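See structure below.
The values are calculated or read from the model by the stated rules, or taken from the named source; none is laboratory data. Every value quoted in this text rests on a predicted model; they were computed, and no experiment measured them. Note: ideal-geometry Cβ built from the backbone for every residue, glycine included; neighbour counts use all protein chains shown.
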Amino acid sequence: MSKQSGFTLLELVIAMAIFALLGLASWGLFDGVVRVQQGTSAHERELRRLQRVVTMIERDLLHATTAPVQLTADFVQFQRSHWRNPLDLPRSERQSVSYRLDNGVLWRESQGEGTQEMRRQRLLEDVHGLSWRLFEPQAGWVDQWPSGQDSRTPIAIELQFSVGRFEAIRRVLPLLGVIP
């Protein structure tokens, strides 16, 4: 009787089938990891963009002056100071700033005091809702300003909006320039 060395055809087919199943399972796992990474990266980009916009609004409100604030449902306008002047040009440090929602896009408009140029900056797209409110110590939260009693000054502003996958974001920010 002669001794056979090697594998039979059936053994080779079974081994190839096992390797094919392992390869498919590995590919499925790899594909899942790549998809999760892409989703996480997209979420991170949206969150960074949102943080940049909120930081810009906070910075503007941090330098708000005691000049009157105008407020409607999807629009707020105020005056800020400490407008950067890196070239040391002869100009005012005050700037009129407004934020408005227009067809799902949040815009920032600014105009330096004494200048004719209005700068318009697109901040966020896919904004589903936006609302502003001001807090006045005697009246509480109000949706419109001036409310008819112009002698009072609001001390805080509330921003609520939903954008993209972020359903409800609420920020309450003090108006430091007007706090006694």
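Out of all the residues in segment 153-177, which are farther than 16 Å from Arg59 by Cα, loosely packed, with under 14 Cβ neighbours inside 10 Å and either at pLDDT below 80 or over 24 Å from the mean Cα position of the chain (by Cα) (or both)?
none
Is segment 76-89 home to any residue that is modelled with pLDDT under 90, of a type in the set (Lys, Arg) and surrounded by fewer than 13 Cβ atoms within 10 Å (Cβ to Cβ)?
Yes, there is a match, as at least one residue in segment 76-89 is modelled with pLDDT under 90, of a type in the set (Lys, Arg) and surrounded by fewer than 13 Cβ atoms within 10 Å (Cβ to Cβ).
Scan Thr66, Thr72 and give me the residue that is surrounded by fewer than 16 Cβ atoms within 10 Å (Cβ to Cβ) and either over 24 Å from Ala168 (Cα atoms) or of a type outside the set (S, T, N, Q) (or both). So that I can check it myself, show each step before the final result.
Numbers: Thr72 fails: either over 24 Å from Ala168 (Cα atoms) or of a type outside the set (S, T, N, Q) (or both).
The unique qualifying residue is Thr66.
Quick check: is even one residue across segment 50-58 without any contact (Cβ under 8 Å) to a residue 24 or more places away in the chain, surrounded by 14 or more Cβ atoms within 10 Å (Cβ to Cβ), closer than 30 Å to Leu106 by Cα and out of contact with any helix residue (DSSP H, G or I) (no Cβ under 7 Å at 6 or more places or on another chain)?
Applying the first criterion (without any contact (Cβ under 8 Å) to a residue 24 or more places away in the chain) to segment 50-58 yields 51-52, 55.
Of the ones still in play, those that are also surrounded by 14 or more Cβ atoms within 10 Å (Cβ to Cβ) are none.
No - not one qualifying residue is present in segment 50-58.
Looking only at segment 113-142, count how many residues are among the charged types (D, E, K, R), loosely packed, with under 13 Cβ neighbours inside 10 Å and not in a loop (DSSP other than H, G, I, E, B).
Adding up the residues that qualify gives 3.
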